[in-house]
Structures are given as C-alpha cells and as structure tokens.
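Undergrad: Let me give you the structure first, and then I'll get to my questions.
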Amino acid sequence: MDLRGKRIEGYVTLSVTAQTATSRLVLDTRGLEIVAVEAARTDAPATPLRYTHGEPQGVLGSALTVSLPSELAEGGTATVGVHFRVGEVGVAGVAVGRPSERAIEARAQAK
C-alpha cells in the first residue's frame, strides 16, 4: 500500500470451471492496472500467462482476456492469479461472467 501515491497493489486468485471447452478466460475489470497474470498452482511455481487488457467500455469496465496454457475441457478447472494495482477510483474489481452478466461485479480484496 502506497499511502502517499494513493495506490494499492493486490493479488486475486480465481478458480474457474469451464461451462464449455475453451482456451481463454474473459474477465471484467474496472479501475485496475493489470501487472501480470499467471496459472496459479500450489504444487509448483506459477506460470506466466499471456493476456490482453481492453479499453474501458463505460460501466462494464475493461475485458481482461487470458490465454490458458492448454484447452480446458467442459467441466475442467483452472486457477488463475492476477497481480494488479489500483489508484484513486470510486469502484475497482474483477468479475467473471457471460457478457449478459457483465454488470455484476465481484470485488477483489487486496492482500
């Protein structure tokens, strides 16, 4: 936490289950600077993942598209870690959902 700079750095771990087979994960972010994304593991070091962070889309925020290391089968699970920074904004967070559910936000707690 940088009180003078009014910034917080954090890390959120998301465990997801694929509803259909996919090779990417699309998250909604709002007010976040994405520092890094990784495949989080408890039995080995984390592996960096490729990602893109789109432009803000009004109240929906910005899409964070993560390329998974391999195809995730329907019902398969993955754990992704996101390192982020947030400055002085009204609301910040990351959410998972179908495009029709993009207005629903899950707040990420900074460690």
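The values are calculated or read from the model by the stated rules, or taken from the named source; none is laboratory data. None of the values given here were measured: they were computed from a predicted structure. Using ideal geometry, Cβ is built from the backbone for each residue, glycine included, and neighbour counts are taken over all protein chains shown.
Undergrad: Looking at 59, 37, 16, which one is at pLDDT 70 or above and crowded, with 18+ Cβ neighbours inside 10 Å?
TA: The unique qualifying residue is 37.
Undergrad: Considering only the stretch 56-66, I want to know if a residue exists there that is more than 16 Å from the chain's Cα centre (by Cα) and either over 24 Å from residue 86 (Cα atoms) or of a type in the set (D, E, K, R) (or both).
TA: No, there is no match, as no residue in the stretch 56-66 is more than 16 Å from the chain's Cα centre (by Cα) and either over 24 Å from residue 86 (Cα atoms) or of a type in the set (D, E, K, R) (or both).
Undergrad: Moving on. Look at residue 70 and say whether it is touching a His at 6+ places or on another chain (Cβ under 7 Å) and at pLDDT below 95.
TA: Judged against the criteria, residue 70 is not a match.
Undergrad: Only residues that are under 18 Å from residue 54 (Cα atoms), among the aliphatic types (A, V, I, L, M) and modelled with pLDDT of 90 or more: list them for the stretch 19-34, please.
TA: 25, 26, 27, 34 - these are the residues of the stretch 19-34 that are under 18 Å from residue 54 (Cα atoms), among the aliphatic types (A, V, I, L, M) and modelled with pLDDT of 90 or more.
Undergrad: So in the stretch 62-86, with the set limited to residues that are without any contact (Cβ under 8 Å) to a residue 60 or more places away in the chain and buried (at least 20 other Cβ atoms within 10 Å of the Cβ), which one is nearest to residue 15 (Cα to Cα)?
TA: My answer is 66.
Undergrad: Inside the stretch 1-13, can you point out the residues that are hydrophobic (A, V, I, L, M, F, W, C) and modelled with pLDDT of 90 or more?
TA: If the condition is that a residue be hydrophobic (A, V, I, L, M, F, W, C) and modelled with pLDDT of 90 or more, then 12 is the only one that fits.
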